[in-house]
Structures are given as structure tokens and as C-alpha cells.
Amino acid sequence: MSKRISLMAAALCAACGSTPESNQAIDRPLRIGSQAYQSGQLADARMAFQRATTAATLYDDNARLADAWLAKGASEVLLGEFAAAEQSYRSAKLEAIAGNVPDKVLQADIGLAETTRRQGQLASALAQYENLRQKSGLTVTNQTQIDLGLALCLLADGQLAAAEKLLQPWLAQQADLPPASRSAVLANSARLRLAQGDSAKASELAQAALEIDREARNPPAIAADHALLAEIYRHAGRSDEAQWHLDVARRIQGLTGQKVAPY
């Protein structure tokens, strides 16, 4: 199970935003969906975001419709509904273009790249992330999202040195990053150390990510951290600890509606 939290958080921050032209018919289901998402009730979040897309369509509000589709896509990615997520992100991109909201266009493109990666289409995902990396005007959050996704592609492809080159600068400055990005950097660095055969360092990094996600009360991230620790301990030959972490991950995923982590 891969670690990718910053993308989801960014989509939901956009969805929760309010403006002087606030429309409660749209904003209320967005808020309800965001609260459900943050508490780990992903299916409920998805339904609320679907209601938001309906309301935003009725009022022909491109910007909020992009928000709703982005948030719906974020929920669907975590639920493992990749075809639906891809459609949601494509819809978000079209609305963001129509509403002239370039930052939401970028978020949709990052979401599409992440959805491609999670489906195991590494070559396509690598190309998408590389293209995004060349764009101008990226924020630090954007850069972190893109580099983390690209690093995971490289790890899956066995390109450990290239993945380390991407991750190391972010690990060095992780203390200055927002919590979601910090935990993602730590967890992905743990995956790198595991691939390099350093289970002790991998465990240390994954545990640090878990502590951040516990403090943030992010159930899907907590489950991902436990699944990662289970993998680390399994490789270290510590089967009892591996099983305990796996059981915790599966219990949480059963409550969030996610697909249960395999051993």
C-alpha cells in the first residue's frame, strides 16, 4: 500500500474553501463530505461530494464543481475505485478550465497521474509526473506531491537511486512541511530504505509517519502506516509484530470502506 496523503488533503482544502459568493446548496454537502472524509468515512464522503456536484451543476458554478469533482476523486482513489476516480478528475479538469482556475487544473492532473500510478501503469504515470514536474509556477505543495508520486513510480520500477535523489531533499526539509506532506515523505522514505534492505531505518521512518498521522487523526493514513510497518517487520522476520500491524490496518480499513491490505 502506497503512501499519498498530500494529494487528498489538497483536494479537500479546495473543497472546504468559502468565498463571498458562498452558495450553501453547494457548500453544505462539501463541508459534510469533508468532515466524513477526515473522520475516515470514505463512502459517506463520496456520496456527499456527489450531492455537491449535482448542486454545483444546477447553479452552473464551474469553480465549485471543480472542487466537488476533485474531492469526490480523492475519496474514490482511497476506496480503490480507480475508474470512477479517473472520471471525477477528468470532470474536475474540464470545469476548472471552463472556470479559468489553473490551480484546480493542476490538482486534477496530479490526481490523474496518481490514479494511473495506483493502477500499476508505471510508464504512463512516470510520463505524467515528469510532464507535471516541468510546469512553471508550482507551489511547494505541488512540488512535493509530484516528486512523491514520481518517486513511488521509480521505486516500483526498481530505480532506487533515482527515487532516493528525489526523496532525499524533501526528507532533509521535512520538518518545514505541513503534517500531511511530512508523513508522506517519511513513509515513502521508509519504503525506499526497505527496498535497500535497511529494515531498521525503514521502521524508524514509518513509525515517525504513524505518529504524525495519529496526531492528525487521519484514519486512512494511519491504516497505510500500519500496513507499511507490517511489510517492514515481515521482511525483518518479525512475524508476530508484522501480523499485529496488519490486523490493525485491516480493522481500520474495514471501518473506512477501503480494500483490505493483503499480507
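The values are calculated or read from the model by the stated rules, or taken from the named source; none is laboratory data. Just so we're clear, the structure is a prediction, and the values are computed from it rather than from any experiment. Cβ coordinates were reconstructed from backbone atoms using ideal geometry, including for glycine residues, and neighbour counts include every protein chain displayed. Surface areas here come from the heavy atoms of the whole protein model, side chains and all, with no ligands, DNA or RNA. Shrake-Rupley method; radii C 1.70, N 1.55, O 1.52, S 1.80 Å.
Per the conditions (1) within 30 Å of residue 64 (Cα to Cα); (2) without any contact (Cβ under 8 Å) to a residue 40 or more places away in the chain; (3) surrounded by fewer than 20 Cβ atoms within 10 Å (Cβ to Cβ), the sole criterion not satisfied by residue 126 is (3). Taking the criterion of being β-branched (Val, Ile, Thr) and farther than 17 Å from residue 85 by Cβ, the only residue of region 98-118 that qualifies is 101. One residue stands out among those in region 27-84 that are open to solvent by less than 70 Å² (accessible area, probe 1.4 Å) and of a type in the set (Val, Ile, Thr): the one that is nearest to residue 257 (Cα to Cα), which is 77.
Tell me which residues, restricted to region 78-100, are outside any helix (DSSP H, G or I) and over 16 Å from the mean Cα position of the chain (by Cα).
Applying the first criterion (outside any helix (DSSP H, G or I)) to region 78-100 yields 80-81, 99-100.
Residues satisfying the conditions are 99, 100.
Contact annotation: residue pairs with Cβ atoms under 7 Å, 6 or more positions apart or on different chains, pairing a residue in region 192-217 that is part of a loop (DSSP other than H, G, I, E, B) with a partner that is of a type in the set (A, V, I, L, M, F, W, C), are 196/160.
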